[in-house]
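For reference, the structure discussed in these notes is given below.
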């Protein structure tokens, strides 16, 4: 499994990312994740015919992930049905469902990568020593091609919302 260093820090400390780097222009990798009801979900089954914003976050129960997912929830409500927004973390599906209920998040679909770290490995955002996902945003077009990638350099920082949303809007 490929390892990359020097790209991301956590509280200023460098971390090693495991998995393949995803680049703009390539076919979006597929990954099997776990829905809040514990059913298996393939990314490819969700994004067919839609623009898809995929966010990877360390944990919904942390302040920055909470702010980010709530912000994308508001933005997703403004984008309409042609765009699907996914938030993927290593949180257990039960915790994701609880968090969504408490936060009133209905426009972002949360998925868990806790079982196999499939998205983490396929998208190159698995933090090796912590088994958490680095903060990243991927925008995939209706044909399943990656059109935007942001790997947030400091895990405790928010992504560039405007750039990700602009990339998604251009695909509509």
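Please treat every number below as a calculation from the coordinates, not as lab data. The structure presented is a predicted model; accordingly, all values stated were derived computationally and were not measured.
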key: Whole-number percent relative contact order across the range 27-97, with pairs defined as alpha carbons under 8 Å at least 6 apart   = 38 percent
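Work out, step by step, the length gained on full extension between residue 172 and residue 143: first 0.36 nm times the residue separation, then minus their alpha carbon distance; give nm to one decimal.
Working: separation 29, 0.36 × 29 = 10.44 nm, distance 1.19 nm.
Going from the current span to full extension adds 9.3 nm.
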message = Just to confirm my numbers, what's the Cα centroid distance between the range 93-172 and the range 1-69 in Å?
response = 4 Å
ask   = Can you give the % of DSSP beta bridges in the range 1-94 that are antiparallel, to the nearest 5?
value = 55 percent
ask   = Considering the alpha-carbon set of the range 92-172 alone, what are its Rg and its Dmax in angstrom?
value = 14.0, 38
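At 25 °C and 0.890 mPa s, what whole-number value in µm²/s does Stokes-Einstein give for the translational diffusion of the range 24-103, with Rh from the Kirkwood sum over Cα pairs?
Values: Rh = 13.5 Å.
Here the translational diffusion coefficient equals 182 µm²/s.
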key: Value of relative contact order over the range 3-170, rounded to a whole percent, pairs C-alpha under 8 Å and six or more apart   = 33 percent
note = Rg from C-alpha atoms of the range 107-150, normalised by the globular rule of thumb 2.2 N^0.38 Å, equals 1.25
note = For the chain, inverting the pair-averaged 1/r of distinct alpha-carbon atoms gives a Kirkwood value in Å of 15.6 Å
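In nm, what is the difference between 0.36 nm times the number of residues separating residue 82 and residue 7 and their Cα-Cα distance? Show your work: numbers first, answer last.
Details: separation 75, 0.36 × 75 = 27.00 nm, distance 3.22 nm.
Computed gain between residue 82 and residue 7 is 23.8 nm.
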